[in-house]
Ligand code: HPA
């Protein structure tokens with residue numbers, strides 16, 4: 001069987017989406033924010049908002065998970081023009097891994113330079129507590145190990161090079177700025193920095209899987225973010241990422257704890273204001 005000569009989605013499709021968006025808003029964002037599960041409240045902080053339900057945007061995928069509203073919000077956050085994804089697309093919903101990242105290429109063609117990603121994650125590091133906020137230092141792309149990398153397939157050089165570097169995926173200067181911002185806000189005691197590992201989901205991890213991930217050097221585990229970051233780096237965006245540790249993974253056979261979505265949402269509600277403050281103060285300094 002011959003390899004496909006077609007990109008998994010075409011430059012022209014992204015361009016069509018961008019042209020449609022530019023015809024409907026005057027905002028020219030330099031910063032894009034992808035809000036994780038239950039963290040979409042950040043988009044409500046934007047001033048002079050223009051809201052586009054995903055369903056109305058040409059070529060845009062639609063989100064299906066409860067708690068993921070599915071809107072692209074343009075506006076000003078702390079005086080900075082931004083675009084915010086309220087609700088992201090997950091591989092486990094059944095999207096092609098490349099489709100999950102379609103909005104990132106739209107951001108790139110819109111002129112965005114910095115991508116901020118947030119997510120909910122399970123804590124693998126035994127020093128982490130529920131409610132900690134982890135700045136992402138690096139990631140482990142487990143679906144990528146299994147051939148599910150959004151950049152597989154023909155490469156369109158208009159987006160980026162065939163073999164992009166990933167050893168510098170998370171911008172050190174932004175992380176430093178965020179660390180200082182968190183300090184100023186008094187968030188020191190629950191701020192962490194570590195490695196995020198993506199699994200495809202939707203199942204939470206077995207005990208044995210958690211042990212493997214810990215051995216691999218992962219500090220937090222989740223079901224998102226990495227495809228978007230890979231595609232953002234491919235097209236040269238600077239990336240900053242935050243994981244909210246919503247639960248501790250179960251890595252002990254005697255534990256009675258069970259990972260569940262309700263706990264994830266409860267912790268998210270507890271920390272959502274802090275994440276919003278951190279991101280909005282950071283955006284102001286970018
Ligand atoms: N595992 C995977 N994804 C998650 C978790 C978890 O424990 N918590 C929130 N997202």
Exercise. From 185, 174, grab the single residue that is in contact with a helix residue (DSSP H, G or I) (Cβ under 7 Å, 6 or more places away or on another chain) and either over 17 Å from residue 97 (Cα atoms) or without any contact (Cβ under 8 Å) to a residue 12 or more places away in the chain (or both).
Key: 185
Exercise. May I ask you to list the residues in the stretch 16-38 that are free of Cβ contacts under 8 Å to residues at least 40 places away in the same chain and farther than 18 Å from residue 58 by Cβ?
Key: 26
Practice problem: Among the candidates 242, 191, single out the residue that is under 21 Å from residue 272 (Cα atoms) and in contact with a helix residue (DSSP H, G or I) (Cβ under 6 Å, 6 or more places away or on another chain). | Solution: 191
Quiz item: Are any of the residues in the stretch 125-136 touching a helix residue (DSSP H, G or I) at 6+ places or on another chain (Cβ under 6 Å), away from the ligand (no atom under 16 Å from the Cβ) and within 24 Å of residue 195 (Cα to Cα)?
Solution: yes
Quiz item: What number goes with the only condition from (1) more than 13 Å from the ligand (Cβ to nearest atom); (2) in a loop (DSSP other than H, G, I, E, B); (3) at negative phi that residue 175 does not pass?
Solution: (2)
Exercise. With respect to residue 229, determine if the residue is touching a strand residue (DSSP E or B) at 6+ places or on another chain (Cβ under 7 Å) and within 27 Å of residue 78 (Cα to Cα).
Key: yes
Self-check item: Candidate set: the stretch 91-110, residues that are modelled with pLDDT under 95 and assigned to a helix (DSSP H, G or I); chosen: the one farthest from residue 60 (Cα to Cα)
Solution: 92
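The values are calculated or read from the model by the stated rules, or taken from the named source; none is laboratory data. Since the model is a prediction, treat every value here as computed from it, not as a measurement. Every residue, glycine among them, receives a Cβ derived from its backbone with ideal geometry; neighbour counts consider all protein chains shown.
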